[in-house]
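This report refers to the structure that appears directly beneath it.
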């Protein structure tokens with residue numbers, strides 16, 4: 001498994017939390033892991049040590065220096081908006097061909113496992129023609145879909161799964177990351193999803209972080225089978 005992509009049904013769902021903990025689980029197994037967060041919006045240079053790519057670097061056992069941040073996250077934008085809007089604010093449009101080539105080169109160069117974290121949700125736009133789903137389609141690597149446990153998440157998850165299936169893209173796993181304050185039980189969401197998602201592993205996480213170790217080990221198992 002040279003690479004795995006982590007996306008979500010929307011923003012602020014927990015992609016970085018999942019990516020960092022998956023990196024940790026893989027490293028505990030002695031795997032050599034690299035990571036990318038190629039496009040970032042809401043990136044404040046004055047608070048770069050708290051940014052999503054900095055979290056991934058620490059999970060890799062690396063310090064989040066400016067050079068390291070530029071290495072794994074070359075497209076960084078200040079405005080906390082979709083990448084096309086954030087890029088337009090800075091008059092630095094994203095070249096989708098260059099983005100795709102950057103990711104493909106990293107996949108080809110991976111010594112062991114490369115974890116790629118997307119931005120926003122599955123259909124977030126990079127420009128007037130290209131979305132995150134287009135990038136996943138170009139890379140053709142196994143994908144983990146992260147979702148919350150709020151009311152309505154079932155529709156969002158199944159819509160994302162349908163969009164991926166329509167492109168012939170397979171899911172490595174679905175991760176249910178508990179939404180704070182939600183009255184919808186994670187286990188009931190998981191049971192309902194199982195009716196529609198066949199053999200796709202479904203992993204359930206608590207926001208408090210307690211008891212998640214086994215879940216991330218199961219996620220690592222699912223990733224390493226591909």
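The values are calculated or read from the model by the stated rules, or taken from the named source; none is laboratory data. Small disclaimer: the values here were computed from a predicted structure and weren't measured. Cβ atoms come from the backbone with ideal geometry, glycine included; neighbour counts cover every protein chain shown.
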Would it be correct to say that residue 191 is more than 21 Å from residue 5 (Cβ to Cβ), at pLDDT below 90, exposed (fewer than 13 other Cβ atoms within 10 Å of the Cβ) and more than 15 Å from the chain's Cα centre (by Cα)? no
Mind listing just one residue for me: the one in segment 61-88 that is more than 16 Å from residue 51 (Cβ to Cβ) and surrounded by 13 or more Cβ atoms within 10 Å (Cβ to Cβ) and, of those, nearest to the chain's Cα centre (by Cα)? 82
Which number in (1) modelled with pLDDT of 95 or more; (2) in a strand (DSSP E or B); (3) farther than 19 Å from residue 11 by Cα marks the one condition that residue 145 misses? (3)
All positions within segment 167-197 that are over 18 Å from residue 118 (Cβ atoms) and either touching a residue at least 40 places away in the same chain (Cβ under 8 Å) or not in a loop (DSSP other than H, G, I, E, B) (or both): 186, 187, 188, 189, 190, 191, 192, 193, 194
Please go through segment 207-225 and pick out each residue that is assigned to a loop (DSSP other than H, G, I, E, B) and exposed (fewer than 15 other Cβ atoms within 10 Å of the Cβ). 208, 209, 210, 211, 225
Quick one: residue 204 ticks every box in (1) in a strand (DSSP E or B); (2) modelled with pLDDT of 95 or more bar one, so which box is it? (2)
Here is a check on your reading of the model: is residue 98 crowded, with 16+ Cβ neighbours inside 10 Å, over 16 Å from the mean Cα position of the chain (by Cα) and free of Cβ contacts under 8 Å to residues at least 12 places away in the same chain? no
Among the numbered criteria (1) surrounded by fewer than 14 Cβ atoms within 10 Å (Cβ to Cβ); (2) in contact with a helix residue (DSSP H, G or I) (Cβ under 7 Å, 6 or more places away or on another chain); (3) more than 20 Å from residue 10 (Cβ to Cβ), which single criterion is violated by residue 196? (3)
Residue under evaluation residue 163, criteria (1) farther than 26 Å from residue 24 by Cα; (2) touching a helix residue (DSSP H, G or I) at 6+ places or on another chain (Cβ under 9 Å); (3) part of a loop (DSSP other than H, G, I, E, B), criterion not met: (3)
Restricting attention to segment 115-132, and to residues there that are touching a helix residue (DSSP H, G or I) at 6+ places or on another chain (Cβ under 6 Å) and part of a strand (DSSP E or B), which single residue is surrounded by the most Cβ atoms within 10 Å (Cβ to Cβ)? 117
Just wondering, is there one or more residues in segment 24-40 that are without any contact (Cβ under 8 Å) to a residue 40 or more places away in the chain and either farther than 16 Å from residue 114 by Cα or crowded, with 20+ Cβ neighbours inside 10 Å (or both)? no
